[in-house]
1. Over what distance in Å are the Cα centres of the stretch 251-273 and the stretch 174-189 separated?
2. At what distance in angstrom do the alpha carbon centres of the stretch 117-164 and the stretch 83-100 lie from each other?
3. Ranked highest first by the average count of other Cβ atoms within 10 Å around their residues, in what order do 166-174, 128-136 fall?
4. If packing is taken as the average number of other Cβ atoms within 10 Å across a peptide's residues, how do 263-270, 240-247 rank, most packed first?
5. Please compute the alpha carbon radius of gyration of the stretch 75-176, then divide it by the globular-protein estimate 2.2 N^0.38 Å. Two decimals is fine.
């Protein structure tokens, strides 16, 4: 496998193959892309070395999908626990993202079974599942930003507009030909600019929403000085930086084909990392909202700011029942959830 050698996916298919190709919804279908792993291996019957090579390429994808399935099953278990303890939109987004990952990994496993989905069908399922991940991340960040900034409608409008281009990724995968190769198994000949396009769709919204949320949380930490507030600040900054670095690194590797024809797996790698980071961030948020030290009691006579509506909104978002501002003649200051 080459490392820095530039490979060209356009060289995988023959020239003018679309002229006599079968079409589905006006999308040309490459014949090898309509095979699953078993059918592709059986085409080399009589050539033992070729059959082994074809099986080996598929086995690499199955091993990778098995690891992917373990990661997303862990995310599902964590998300279900969060939803059971304190239902919230963020936990629901974590669960939706993890479920889509399990569907993808199960599709890859069934791809190697008799009568399983074809390579094209596998890639179509993967592209839809991959587009769900940035929507879940963006929706989680957008909801937090919406609450901490006083429920401003223009934030929802801007955030929704930034999330609208996400279906472009499955569109390009669906319209790109799928094929099978002996060395790598199932792959798609996506445009060379697709990784850059995906990076441009995800990175700005992740940075903008994360910074907007962290700025408000940091102001609350400076005002009240709670350790739980400080933990939210640190976790928010770490999560933001990790997600952005993961997006940039994986899309850079995919764009320069550092994994040769298996470079499309960098899309899935970024998906797994983002899922783990999102679940970890939401678990920290839920843990912080459940801690009693996060609530500060002060005598009425003390000169301290009243709890802001932002705090109450975030407390209600995490299902907290301890966000009342008054408690037996004392003021209670709930922390950001």
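Each reported figure results from applying straightforward, stated rules to the coordinates on display, with no laboratory input. Note that the structure is a prediction, hence the values are computed from the model and not measured. Please note: Cβ atoms are built from the backbone with ideal geometry, for glycine as well, and neighbour counts cover all protein chains shown.
1. After rounding, the separation between the Cα centres reads 14 Å.
2. 14 Å
3. Averaged packing, sorted descending, gives the order 128-136, 166-174.
4. Ranking, from highest mean packing down: 263-270, 240-247.
5. Expressed relative to 2.2 N^0.38 Å, the Cα Rg reads 1.29.
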